[in-house]
Every structure is written in C-alpha cells, then in structure tokens.
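Enquirer: The structure is given below, and queries will be raised subsequently.
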Amino acid sequence: MAADGPGGEKTEKPTAKRLQEATKKGDILQSRELSTALVVMAGIAWLAITGPDLVAAIKQMLAEGLRFDSGDISGFAPEERAAHLLSTVALPLAGVLMVTLAAAIAAPAMLGSLGFRVQAFQPKPEKLNPLSGLKRIFGIQGLIELVKSLAKILLIGSIGFYLLWERMGAIRNMGKAGIEPAVSDLGSMFILVALALAGSLFLVAGIDVPAQIMQRAKRLSMTKQEIKDEHKESEGSPEAKGAIRRRQYETLNGSVRKAVEEASVVLTNPTHFAVALRYHPGRDLAPVVLARGVDDIAAAIRALANDKSVPVLQYPELTRAIYFTSRAGQEIDERLFMAVATVLAFVFRIENRMASEMDRPHIDLPGDMRFDSDGKNVVN
C-alpha cells in the first residue's frame, strides 16, 4: 500500500498472525553474532576444563603411533592401528563437538526461533536474480553488514593485540624453559586470550540482537488498514468463529451448560452480565436463577443460549439487579417478580407468534433494585 494513502504508513506493530506467517516462511529472528559467540565460548570453556585430558590423549596417540615392534611388522594392519590411535582422542574430541553443537542449538532457542520450517527451504526465484543480489550487497543492508564486520574485526583485533602485547615478555621467556613447561604456559595463554576474544563476541552480540529485533519489527510492521483487513478476515472465517465458540464453551462447566439449555430466557447487560432464568408453571413457585456470569462467562452463556435457541433479551438494569441479588439455584428477589413476570409473558407471546421485537415491554425497577456495573446501588 502506498505510504501516502490513508493509513498507508507502516506504523503499527505486527500482529500475532503476521508474525506466525513470517515464521512459517523462514523470516525468523536470528543473530549470527550470538550463534558465533555461544559456539566459540562453549568450545573454549570446554577446552579450558578438559584441555589437560585432550593433551594427554594426543600425547598418548603420538607415542603409540611412533612406537612399533616386530609384531606390528609381521601382522601389519593399518586400518586397525589407525582406528586404535583415533580412539584415544575420540572421546575428548566428541565432547568438544557435542558442546559446540548444543551451543549452536541454544542460540536460536534463546531467540525463540528454534524449529524446522519447510517453507524456508523452498526455492525463491527472486533471490536468483543477479540484480537483486547486487542490490542486497551494495544496498543499505549490505552497508550495515560491512560496518558490523569492520567494527567486529577492530574490536576483537584490538583486544587480542593488547593481551598478546602484555604477555610478550612471558612469550620470549618460553624459549628458555623446557618443552613441557613452555607448552603448558602456551596452552594457558591460548585459553585466556581465546576466552577474552569470545567475551568480546558477546559484546558484539549484545548490540546485534536488539538491532535484529528492531529490523525484523520494522520489516514486518503493518499499516492500520492491514490490521483492519486482517481483523475482518479472521473474525469472518469459520475457523476463527469455531475457535471462539469452543473457547466460550470451555469456559462453562457441565452443570452451567445444562442449566442454560433448560432456561426459559437469558437476560443480558448486554455485554458484561448475563443471567439464565427458568419458570415452569406448576413446577416453579417463582422464577429461578439457573446460571449467572460476568465478562467471559456471560459471553459463553449468551453464545450457548443462541445455539440452543433460548430467547436472549437485553435488559441491562434488570440483569444487573438479578445478578447482584440472587445466586444460581435460588429464586429471584421478590421485589423483581413483577419485572420478570412481564419479561416472561413477552417471551411466551414471542414463542407463540403473538408479539414481535417491536412489542418489547419497558421495565421499571424499584429504586433499591438499581445497580451499576460494580454492584453499587444507584438511586435516581
């Protein structure tokens, strides 16, 4: 939609439906910087913990690989020997692989984007267009990615250079020590520098993740007209109506549903309150309140009454009066007998086609039977 049209500017946040559709198409919140930081940090942390075991395993593999006897020559089996040597380092290396794999999975999980989406793997012809590719490379997004890469290189390079420069004296002294102490010191230095660099990646990710959230929100933002159209479409679809009806029915328990089905009439506020009344001459001495509810329960009572062809009438003052003076299973307050009797007589006439909606009677209530939506008595 044109930005200069009425409601054409994309100023509204994306709806849940818009976000769901975008996710199905593979447009998800993702940050390569966060994934890289988690994978690198997990790998380095694991090496810091299990590094001695890995070095010992490599040392054992090299020692066994360089040692052989007459049996190795007479029964030469390169496949078995290679498998045996690799098995000595397989467990430490498997630990590194498992930790980094878990970190790679954790990154999209943290952003709520974990999952497999078939539509994301479908070919998109527009991405095969060379002009579109050049536009992405030399466009605003490409410029942003270039600036991010340069800033990342500058930050990480500066931190790495500083750490190595601070330890230049220790590096020079390694040549004066034995091989094993030098290797140990070098390993410790490597772990320290790598952890610091991994930490710097989290600084980059801390900037990139909010930027990705803002970019996706802007990319999926909607116009006011789009929200109105989506609302009309969702409200008018049979699936949405069915889902709403199911939720309304789930709000009522079995006894309330049965009570509404037996009701002679349901009175409404019309939106906030609803009461279901029954009056069977010869069985009931006075009208009985079968069910009553407010907000969601009231909406469920109205919906069920419409489905079961129970008359539903809007009498706001009378509905509030019954709601605040009677409980389910009780007879209505005697001060409301005349008003309810008038309504029931009108329902009888409607059912026997002796009256129409135009003949609906006006109801007057005693002053002490007038309540507002909070249950406070309103005296005119």
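Bear in mind that the values in this text are calculations on the coordinates, not laboratory data. Everything numeric in this text was worked out from a predicted model, so none of it was measured.
Enquirer: Which pairs break 28 Å Cα to Cα here: LYS24/LYS218; LYS25/LYS148; LYS152/LYS176; LYS13/LYS308; LYS228/LYS376?
Expert: Violating the 28 Å limit, Cα to Cα: LYS152/LYS176; LYS13/LYS308; LYS228/LYS376.
Enquirer: Let me ask another. Can you work out the Karplus-derived ³J(HN,Hα) for every residue in the range 40-50? Use 6.51 cos²θ - 1.76 cosθ + 1.60 with θ = phi - 60°, whole Hz, and x for glycine or proline.
Expert: 5, 5, 5, x, 5, 4, 5, 5, 5, 7, 9
Enquirer: Next question, about the same structure. Plugging the Kirkwood radius over Cα pairs into Stokes-Einstein for the range 158-216, at a temperature of 4 °C and a viscosity of 1.567 mPa s, what D comes out in µm²/s?
Expert: Translational diffusion coefficient: 96 µm²/s.
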